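A short write-up of the structure that comes next.
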Amino acid sequence: MRDWTGKRYWLVGASEGLGRALAHHMSRAGVDLVLSARNEDRLQDLVAELPGRASYVPIDISNTASVKAAAEEVGEIDGFVFLAGVYWPQSAREWDADQVEAMFDINLTGAARCLGQVVPQFVARDRGHIVLTGSLSAFRGLPGAIGYSASKAGMMSLAQSMYLDLRNTGVEVQSVNPGFIKTRLTDKNTISMPFIMEPDDAAAVMFEHMNTDQFQRSFPWAFSLLFRGSVFLPNWLYVRLFG
């Protein structure tokens, strides 16, 4: 079990859904939270809801200057959790260039912008905790997921590379890959969403993982087996099952 009391964590993408629920779990554990997202009103409301010490710093992770300014205002932290993301269900037959670019820019490049401000500081002092939020959709390309699946695959690869580079140092890297979570993003879906979770339930699993020394967790467990197993399928069988 990790000692959370008095630790200072920066949560990016904290205003809604999984991020908001995770903030409650961490606050109850005694974490001093700095919350970031674009919606300042929602951040203010969240700070008022939390039982523990919390503050907020608005951020636009699509803008490098905004990220740098926010990181400077946040100051020294013990941990960083990236939860921001955008999503539009979309087939390549209905390609919307603006939406696809936004999914890459927020879900992957936005994480890189933030990590560029956090990782060097953690490495310099040989101490820190980084948690990145991926998706079960990252394991292999999915139909109707242009932009989202690929951006989350990039996040998975980024987390794996960071873990390999930073293992055996004082900087810990963890990754979580959730399935469907009931949020305003999944409300856009018209497809069936097996094993869909409430944000608080998903946050409980994520926080439980953060209390371990394990690198990656994919959940819900039974549903994740389908996606984790898909990487071993030959292409013809994968297409037949998923296409």
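The values are calculated or read from the model by the stated rules, or taken from the named source; none is laboratory data. All of these numbers come straight from a predicted model, not from anything done at the bench. Note that we place each Cβ from the backbone using ideal geometry, even for glycine, and neighbour counts take in every protein chain shown. All accessible areas refer to the heavy atoms of the entire protein, side chains included, with ligands and DNA or RNA removed. Shrake-Rupley method; radii C 1.70, N 1.55, O 1.52, S 1.80 Å.
A few points about this structure:
- Verdict on S137 being hydroxyl-bearing (S, T, Y), over 18 Å from F80 (Cα atoms) and part of a loop (DSSP other than H, G, I, E, B): no
- Residue match in the stretch 174-189 (condition: open to solvent by 50 Å² or more (accessible area, probe 1.4 Å), more than 15 Å from the chain's Cα centre (by Cα), closer than 16 Å to R20 by Cβ and modelled with pLDDT of 90 or more): no
- Number of residues in the stretch 93-132 that are part of a strand (DSSP E or B) and either out of contact with any Ser or Thr (no Cβ under 8 Å at 6 or more places or on another chain) or without any contact (Cβ under 8 Å) to a residue 40 or more places away in the chain (or both) equals 3.
- Residue, farthest from G243 (Cα to Cα), within the stretch 195-218, restricted to residues that are open to solvent by less than 50 Å² (accessible area, probe 1.4 Å) and modelled with pLDDT under 95: P199
- Qualifying residue in the stretch 106-122 (condition: within 26 Å of L226 (Cβ to Cβ), surrounded by 15 or more Cβ atoms within 10 Å (Cβ to Cβ), at pLDDT 95 or above and over 15 Å from the mean Cα position of the chain (by Cα)): no
- Number of the condition not met by K68 [criteria: (1) of a type in the set (K, R); (2) over 24 Å from L43 (Cβ atoms); (3) at pLDDT 95 or above]: (2)
- Among the candidates S15, S62, S55, S91, the residue that is polar (S, T, N, Q) and surrounded by 23 or more Cβ atoms within 10 Å (Cβ to Cβ) is uniquely S15.
- Residue in the stretch 69-89 that is free of Cβ contacts under 8 Å to residues at least 60 places away in the same chain, more than 26 Å from D126 (Cα to Cα) and within 20 Å of the chain's Cα centre (by Cα) present: no
- Within the stretch 1-49, the residues that satisfy the criterion of being under 18 Å from G75 (Cα atoms), assigned to a loop (DSSP other than H, G, I, E, B) and over 16 Å from the mean Cα position of the chain (by Cα) are G6, K7, V31.
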